[in-house]
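Trainee: Once you've had a glance at the structure underneath, I'll fire off some questions.
What follows is calculated from the coordinates using simple rules that are stated; it is not laboratory data. The structure displayed is predicted, hence computed values, not measured ones. Neighbour counts are summed over all protein chains in view; Cβ atoms, including those assigned to glycine, are modelled from backbone coordinates with ideal geometry.
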Amino acid sequence: MPATLTYPGVYIEEIPSGVRTITGVATSITAFLGRALRGPVNQAVTLNNYGDFESTFGGLDPGYPLGYSVRDFFQNGGSQAIVVRLYKSDGGNAKSTLKMPGGLNLSAASEGTWGNLLRGRVDYDKLSDEIAQGYNPTYTKSDLFNLSLYDGVTGKVETFLNLTVKESPRRVDRVLAGSSKLANVSGSLPASVPTNQPAPETGKTIWTSDTASIKVADADKATDGAALSTAADFTGSLASKTGLYALENVDLFNLLCIPPDTRSGDTPTDALSESLAYCQKRRAMLIVDAPSGWTGANDIVSNSKLAALNLSGLATRNAALYFPRVLETDPKRDGQIDTFVPCGIIAGIMSATDAQRGVWKAPAGLDAGLSGIQGLAVNLTDDENGMLNPLGINCLRSFPAAGRVVWGARTLRGDDQLADEYKYIPVRRLALYIEESLYRGTKWVVFEPNDEPLWAQIRLNVGSFMNNLFRQGAFQGQSPRDAYFVKCDKESTTQNDIDLGIVNIIVGFAPLKPAEFVVIQLQQIAGQITV
């Protein structure tokens, strides 16, 4: 009722409906870890296309498989990626330093040898009395300078006008920190503005003249660091949020790819184990690439190579392994064919399948084609496929009409002997999707009065979410009663639970299982016998 009723008449009151729509989360945001040419280190950077990767991390480089995996992801239907660049010091300079005349030292924006080709120029052209007076009436043109930076890798130039080393919104360190993608001020600022540089020599441009612009001295050049060899090189530190744990700064990711540091190498098994545990915590799936030493089905089975990965236990519900590796042309090596890991391709196919059919559809089959490849490192027969599939190893196959496709949809808990309820990738990913969506969509319940009105609202909102999935074809059953249930009442939440501040919500669903084996029975019909 209204707070006060003071006059005879009609009072209008709006009553809450109790409907709090639960929105499903994204299902295929893919995180990548690895080395790259350039870009921020130990920071999770969101990319929406491969062009973003090129501009931020420098594109493809033969020494870094990460770039090829990210390219494969977008080429095969991926929609959003999160990249964490890793860098391991080799004892040299991590960042290049560009020392300008007058004591202004500039550090490359990120680690790596790309910064060795930076050049800089200071001049006093186009200075504005109006701008100078606007920042401080005591400033004159002698307090201001212009700075240009040249990226010798991409050819891009950044120009910053009317900078100063004095206290001002245009102080050079503040401007570069907020606007430059190439360099930042290193160390303390000089007391006076840098020295003006002359025009270039005849026949030279600013960026080829050693007097008109400054280059990085040999002693100030950086290195690309050392190769990643240990698990710690990949996983980093949770306390400092480096390596794998840079993803702590990310709200959500669904898939994780960790390509090996070299084309012919492997990701350390300890790094995979720690990453799998983290994926379990974050309700994500780890896509595991088959080791380079796996040469065929007989070799894998007879030498128990799957066990050597040390990936076991219930956490392996959140992992899927794919064999073999793929053959692709390398545009950085004149189109030569080489072997690459398929994790980026698989993540892209999962993303495309989610968009077209839903997370409950297995990312495999004749429609799950591998785009951008020239072949498979190992061509498997049906019998060889039959040796690996019961172990939970997903095979990549080549068929005459369909081409190269994903021909397996099991988690690493998919061994037939385990009889696990999360044997199949789409079942596990659907469960993770429901868990994450309900986790976020029911936070409003916290601190609400714990009684039947609250339970009724929970049943309404969670039930609406589940019913929407049922209507999209995510569950088995011809009716909602057959497909799912939501229970939240005095039976699920006892008086003791209420006293402890607990409300229990029980959600069940009947998942669709992929038609992994299609059996066709044929029978001859005997001709009619006349007696």
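Trainee: Which order do peptides 92-105, 186-199, 323-336 fall in by mean Cβ count within 10 Å, highest first?
Mentor: By packing density, highest mean first, the sequence is 92-105, 323-336, 186-199.
Trainee: Taking C-beta distances below 4.7 angstrom as the pairing criterion, name the unpartnered cysteines of the chain, in sequence order.
Mentor: When partners are defined as cysteine Cβ atoms under 4.7 Å apart, the chain leaves CYS279, CYS395, CYS488 without one.
Trainee: Follow-up question, since we're still on this one. List, in order, the whole-Hz ³J(HN,Hα) value for each residue of segment 196-206 obtained from phi through the Karplus relation with A = 6.51, B = -1.76, C = 1.60 and θ = phi - 60°; use x for Gly and Pro.
Mentor: Once rounded to whole Hz, the list reads 5, 9, x, 5, x, 5, 4, x, 10, 8, 3.
Trainee: If you don't mind, another one. What translational D, rounded to a whole number of µm²/s, comes out for the chain from Stokes-Einstein when the hydrodynamic radius is the Kirkwood one over Cα pairs, at 20 °C and 1.002 mPa s? List each step's numbers first, then the result.
Mentor: On the way: Rh = 27.4 Å.
Taking Rh from Cα pairs, D becomes 78 µm²/s.
Trainee: Cut-off under 18 Å on the C-alpha distance; same-chain residues fewer than 8 positions from LYS361 excluded. Which lysines are left, in chain and number order?
Mentor: List returned: LYS423, LYS513.
Trainee: Are there GluC sites (Glu not before Pro) in segment 405-495 that DSSP puts in a loop and that have at most 12 other Cβ atoms within 10 Å, and which ones?
Mentor: Sites meeting the loop and neighbour criteria: GLU421, GLU491.
Trainee: Something else now. In nm, give the distance between the simple-model label positions of ALA307 and THR4, each being 7 Å from the Cα along the Cα-to-Cβ direction.
Mentor: Label at ALA307, label at THR4, 8.1 nm between them.
Trainee: Tell me, in nm to one decimal, what length is gained between VAL518 and LYS204 on full extension, where the rule is 0.36 nm per residue of separation less the Cα-Cα distance?
Mentor: 105.9 nm
Trainee: Per DSSP H run of at least 4 residues, take -39500 (n - 2.57); add these up for the chain, divide by its residues and hand me the 222 nm value, nearest 500 deg cm²/dmol. Numbers along the way, then the final one.
Mentor: Numbers: 13 runs with 126 residues, N = 531.
Helices in the chain give a 222 nm mean residue ellipticity of -7000 deg cm²/dmol.
Trainee: Further question: Note down the net charge around LYS215, summing +1 for each Lys or Arg and -1 for each Asp or Glu among other residues with Cβ under 12 Å from its Cβ.
Mentor: The answer is +1.
Trainee: I'd like the distance separating the alpha-carbon centroids of segment 471-531 and segment 380-437, in whole Å.
Mentor: 21
Trainee: Mind ranking 373-386, 355-368 by how tightly packed they are, going by the mean number of other C-beta atoms within 10 angstrom, highest first?
Mentor: Ranked from most to least packed, the peptides come out as 355-368, 373-386.
Trainee: Would you mind checking which residues have amide H under 5 Å from LEU98's amide H? H placed 1.01 Å from N; only 5 or more apart, or other chain.
Mentor: Placed amide hydrogens put LEU106, SER107, ALA108 under 5 Å from LEU98.
Trainee: Let me ask another. Which part of segment 177-213 falls in the paramagnetic zone of TYR124, meaning amide N under 15 Å from the point 7 Å along Cα-to-beta-carbon?
Mentor: Of the residues in segment 177-213, 192-199 have backbone N under 15 Å from the label point off TYR124.
Trainee: Dipole of segment 449-531 (Lys/Arg Cβ +1, Asp/Glu Cβ -1, origin at the Cα centre): which of VAL507, ASN468, VAL518 lies farthest to the positive side?
Mentor: Checking the options against the dipole of segment 449-531, the answer is VAL518.
Trainee: For ARG404, list long-range residues whose amide hydrogen, built 1.01 Å from N in the peptide plane, is under 5 Å from its own amide hydrogen.
Mentor: The list, which skips near neighbours in sequence, is LEU370, PHE399.
Trainee: Follow-up. Using DSSP, restrict attention to beta bridges with both residues in segment 97-220 and report what percent are antiparallel, rounded to the nearest 5.
Mentor: Rounded to the nearest five, the antiparallel share is 95 percent.
Trainee: Which value in nm describes the separation of the simple spin-label points at SER89 and ASN504, placed 7 Å from the Cα toward the beta carbon?
Mentor: 5.3
Trainee: Now for a different question. Fully extended, how many nm does the chain gain between ARG459 and ALA526 (0.36 nm per residue separation, minus their Cα-Cα distance)?
Mentor: 18.4 nm
Trainee: Show me the ranking of peptides 504-513, 344-353 by mean Cβ neighbours inside 10 Å, starting with the highest.
Mentor: Top of the packing list down: 344-353, 504-513.
Trainee: Which trypsin sites (Lys or Arg not before Pro) from segment 479-509 combine a DSSP loop assignment with at most 14 other Cβ atoms within 10 Å?
Mentor: When the trypsin sites (Lys or Arg not before Pro) of segment 479-509 are filtered for loop state and at most 14 Cβ neighbours within 10 Å, LYS490 remain.
Trainee: Next up: By a straight-distance test (C-alpha under 21 Å), which lysines pair with LYS88 as possible cross-link partners, with residues fewer than eight away in the same chain excluded?
Mentor: LYS221, LYS241
Trainee: Moving to a separate point now. Which aspartates and glutamates have a Cα less than 16 Å from the Cα of LYS332, not counting those fewer than 8 places away in the same chain?
Mentor: The reachable aspartates and glutamates, counting only those whose Cα sits under 16 Å from LYS332, are GLU54, ASP61, ASP72.
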